[in-house]
Each structure stands twice: as structure tokens, then as C-alpha cells.
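*Asks:* Handing you a structure now.
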Amino acid sequence: MHTYELMVIIHPDLDDEAVNQAMDKIKNWIETGKGKITEIQEWGKRRLAYPIQKQYEGLYYLLNLELDPANNAELERNIRILEPVMRYMLIAK
């Protein structure tokens, strides 16, 4: 198991229920890959450095997690096709 940071930017125009559903899906994918989330930080709505999908703001979430490196590709593939996610970045600590 390696430790990772996952930064996720979610579309700001979604209601709380849709945002929670998207985050629950991400958490479920991590747990399905036999990973463990150690901390979740909700940074809230922040201004983007440049427009993404014609949006100037996004909802930021930072997840610290432990995950087997073999499951990284599957997690990234699932996050990439998740509609509410505008951008994400998974980095090793």
C-alpha cells in the first residue's frame, strides 16, 4: 500500500445531493480497490486559475488515501468518466 493525495474539482452548479453522490462514488471506488481513506478535506468553492468547461469556480476536495498501486489505473479511469468531476489529480506522497 502506498499513500496518495487525490485532489478533485467538482462542477460548482450542482446541488449538495449530486456532489455527495459523486464523492460517495469516488469513496466506493477507493474501497472497492482495497484502499483506505485516511482524511477528507472539503476546501469549498474556489476560483480557478483558468476556465474549465466555461466555469470560473469549482468545488475542491482533497482526499488522503492508501491504495495498492495496481488499482491506480482503475480508479483514474472511473474518475475520468464521472460527469460532475471537472479535474482531478492523483499523486504519490
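*Asks:* As a check on your grasp of the helix formula, calculate [θ] at 222 nm for the chain: sum -39500 (n - 2.57) over DSSP H runs of n ≥ 4, divide by the residue count, round to the nearest 500.
*Replies:* Working: 2 runs with 27 residues, N = 93.
Result for the chain: -9500 deg cm²/dmol, rounded to the nearest 500.
*Asks:* Place a point 7 Å from Cα of Lys34 in the direction of its Cβ. Which residues in the stretch 55-76 have their backbone N less than 19 Å from it?
*Replies:* Once the point is set 7 Å along Cα→Cβ of Lys34, 65-76 turn out to lie under 19 Å by backbone N, inside the stretch 55-76.
*Asks:* If R0 is 25 Å, what FRET efficiency do you get for Gln55 and Lys27 from their C-beta distance, rounded to 0.05? If you can, show how the numbers build up before the last one.
*Replies:* Numbers: r = 24 Å, r/R0 = 0.95.
Between Gln55 and Lys27 the formula returns 0.60.
*Asks:* Which entry in (i) 1.23; (ii) 1.04; (iii) 1.15 matches Cα Rg over 2.2 N^0.38 Å derived from the coordinates of this structure?
*Replies:* Read-out taken from this structure: (ii).
*Asks:* Over the stretch 2-92, calculate the relative contact order: mean separation of alpha carbon pairs under 8 Å at least 6 apart, over the residue count, as a percent.
*Replies:* Working: 153 pairs, mean separation 44.6, N = 91.
Dividing the mean separation by the residue count of the stretch 2-92 yields 49 percent.
Bear in mind these aren't lab numbers, they're just calculated from the coordinates by the rules spelled out. A quick note: this is a predicted structure, and the numbers were derived from the prediction, not measured. Please note: Cβ atoms are built from the backbone with ideal geometry, for glycine as well, and neighbour counts cover all protein chains shown.
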